[in-house]
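One structure is given here, and the rest of the page talks about it.
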Amino acid sequence: MAKLKNIIKQLSDEDFEAIHASLIESNADKSAYLLKSMREKHLSDAKIMSELDVNTNAYYTLRSRLNQKIEEYLLQQMESPRTDILKKVANINEIIFTKKWAIAVATLKKLEKELLDYDLSNELTIVYKSLKKLHINSPELFTYSQLYNKHVAYTLALDKAEDLLADYFKKYGHYMMSGEESDKLELTLVSREMNNVCSLYKSHRLYVYQSCLNIFHRLFVEKEEDMEGEVEPIEDILNNIQKIFNLYHLDSIYYHLQIVFDFLKLEYYNHYKVYRKAENYFEEVNESISSLMTNYSLFTFPAQFLITKIQRHIRMDNVEDMYEENEALFHDFECDKNDVPKFITYVTYRALSCYYARKYDEAAKWLNNLLNEVSFKRYPHAQLEIKAILALQYCLLSDFDLFNQLVNSIQRQVRLLGKDNCDHILNLTKILKVSISDTKKNKQLKIHTFLSKFEKVEKNYFAPTMLLKLDDDFAKRLSQ
């Protein structure tokens, strides 16, 4: 919210008037009022909601759409250097056939400098190929041949880095669900390969891609304290990336990757429990989560934010707020079912949001559909976790038949996986059995006894049972 206000206040008068006029023309009167209020008035959110006569959910949607409108306008106003350069590259043959040799060479040399500044390797190969031809009778032929070969190799390295980045986050999804050491080893090998590829060239674009992977890897896979050798501090990497983004502020790729690094900053400060700094990025990432989940899986694992968000709401004791927010955040979002780890995380988040809002029937529906739509053959521990959360909903709904069937299924699966790996699930099922038992005497006390044995252990796989708030309210709900 604060970031949206800052953007609006920093708009030039001309841009502000243009955006305001476009909102009025499209009959978006409430958005126009919100824009003007944030720029010219010092009103609280509650006061603006009152004057607009909207509830919290509608206000949240209004803010999100206004932010989107402003971004679209600013993107349209960008004088993209990429577009200008690409037009010049497309006209290289025209230059060669119509200009004198000295002018043609000078033009291509100037174009070379612009392309080097923006790290556009594909286009540089075209320039060097043309310079080779123009210097066929000159000793400089060898120089341009070498530069051409170098940038062909660099282009392949850049393509390789992009492929490795996408492959890493696909594999991370499997690791997150399974917790298998073999999956973790694959991630480490991809990380090393990425570092090897990026070490071949001094390139800010390769550094950005490398940082997307390395920061995430150090936060969620190979903990920083366990890493060997000297590594660049994450905070220094984040500062360097911001400098690159500021320097190449008209680069469209960097413009869009800003939200990825806002997400990484949030996760970095959250990892080290510097929650005050993490809050500086939460609102921006939260409002962009639908876009992140849809468009950024090649550059990060955005579903991780949903877990972080639940943990934050538990910490701030306002878990019930998530349900209402979701209507605005995901109003036009469709999760890709083929991306199974992301889909499992998203549906579980929605189900837990329903649970915390005491909408147990809706939570059960989300989880039932998930178990029916997705194959968990590769992720037995994740399946067990989902079943345990579903059993909790049946317990709270007093659906004893479905509860007993599901608990029997859970116990069979626990025997297959080994009790030592599933202590927390067994403890949870014992709590739920006490809850549905006919004995009412000391029920809450018995539940508290089991809760004291329920250890919040850190699992190396997807464990939504660790996102349950096991407090007095939990015990009270189950003892009623």
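The values are calculated or read from the model by the stated rules, or taken from the named source; none is laboratory data. Here the structure is a predicted model, which means the values were calculated and not measured. When we count neighbours, we look across all protein chains shown, and the Cβ atoms used for this are built from the backbone with ideal geometry, even at glycine.
For residues in segment 441-480 being among the charged types (D, E, K, R) and in a loop (DSSP other than H, G, I, E, B), which is nearest to S178 (Cα to Cα)?
So the residue we want is K459.
So for segment 130-146 (the condition being surrounded by 17 or more Cβ atoms within 10 Å (Cβ to Cβ), under 24 Å from the mean Cα position of the chain (by Cα) and among the polar types (S, T, N, Q)), does at least one residue qualify?
Taking every residue of segment 130-146 in turn, none turns out to be surrounded by 17 or more Cβ atoms within 10 Å (Cβ to Cβ), under 24 Å from the mean Cα position of the chain (by Cα) and among the polar types (S, T, N, Q).
Take the residues of segment 251-293 that are within 9 Å of the chain's Cα centre (by Cα) and among the β-branched types (V, I, T): which is nearest to E162 (Cα to Cα)?
This residue is V260.
Given the criterion of a type in the set (D, E) and in contact (Cβ under 8 Å) with a residue 40 or more places away in the chain, identify the matching residue among E186, E181, E162, E193.
Residue meeting the stated conditions: E162.
Return the total of residues in segment 5-26 being of a type in the set (S, T, Y) and outside any helix (DSSP H, G or I).
Total meeting the criteria: 2.
Return the total of residues in segment 187-206 being surrounded by fewer than 17 Cβ atoms within 10 Å (Cβ to Cβ) and not aliphatic (A, V, I, L, M).
So the answer is 7.
Would you check which residues across segment 84-109 are over 16 Å from K129 (Cβ atoms), free of Cβ contacts under 8 Å to residues at least 24 places away in the same chain and not in a loop (DSSP other than H, G, I, E, B) and list them?
D84, K87, T98, A102, I103, A106
Taking L219 as the residue in question, decide whether it is of a type in the set (A, V, I, L, M, F, W, C), touching a His at 6+ places or on another chain (Cβ under 6 Å), under 20 Å from A303 (Cα atoms) and surrounded by 17 or more Cβ atoms within 10 Å (Cβ to Cβ).
Judged against the criteria, L219 is a match.
Considering only segment 259-325, give the helices (runs of 4 or more DSSP H) lying wholly within it that have at least 1 residues that are of a type outside the set (A, V, I, L, M) and in contact (Cβ under 8 Å) with a residue 60 or more places away in the chain.
Counting at least 1 such residues, we get 275-287, 304-316.
Hey, could you check segment 147-186 for residues that are among the hydrophobic types (A, V, I, L, M, F, W, C) and loosely packed, with under 15 Cβ neighbours inside 10 Å and say which is farthest from V347 (Cα to Cα)?
Filtering segment 147-186 for residues that are among the hydrophobic types (A, V, I, L, M, F, W, C) and loosely packed, with under 15 Cβ neighbours inside 10 Å, the one farthest from V347 (Cα to Cα) comes out as A153.
Restricting to segment 110-119, name every residue that is within 34 Å of the chain's Cα centre (by Cα) and in a helix (DSSP H, G or I).
Selection gives E114, L115, L116, D117.
Among the helices (runs of 4 or more DSSP H) lying completely within segment 27-78, list those that include at least 2 residues that are modelled with pLDDT under 75.
Fully inside segment 27-78 and qualifying: 45-52, 56-77.
Of the residues that make up segment 236-258, is at least one surrounded by 12 or more Cβ atoms within 10 Å (Cβ to Cβ), more than 25 Å from D159 (Cβ to Cβ) and either out of contact with any Pro (no Cβ under 7 Å at 6 or more places or on another chain) or at pLDDT below 95 (or both)?
yes
Tell me which helices (runs of 4 or more DSSP H) are completely within segment 120-227 and hold 1 or more residues being within 30 Å of P464 (Cβ to Cβ) and among the polar types (S, T, N, Q), or say none if there are none.
Output list reads 140-178, 181-198, 204-220.
Output the number of residues of segment 94-130 satisfying the condition of being of a type in the set (D, E, K, R) and under 20 Å from L206 (Cβ atoms).
Counting residues in segment 94-130 that are of a type in the set (D, E, K, R) and under 20 Å from L206 (Cβ atoms) gives 6.
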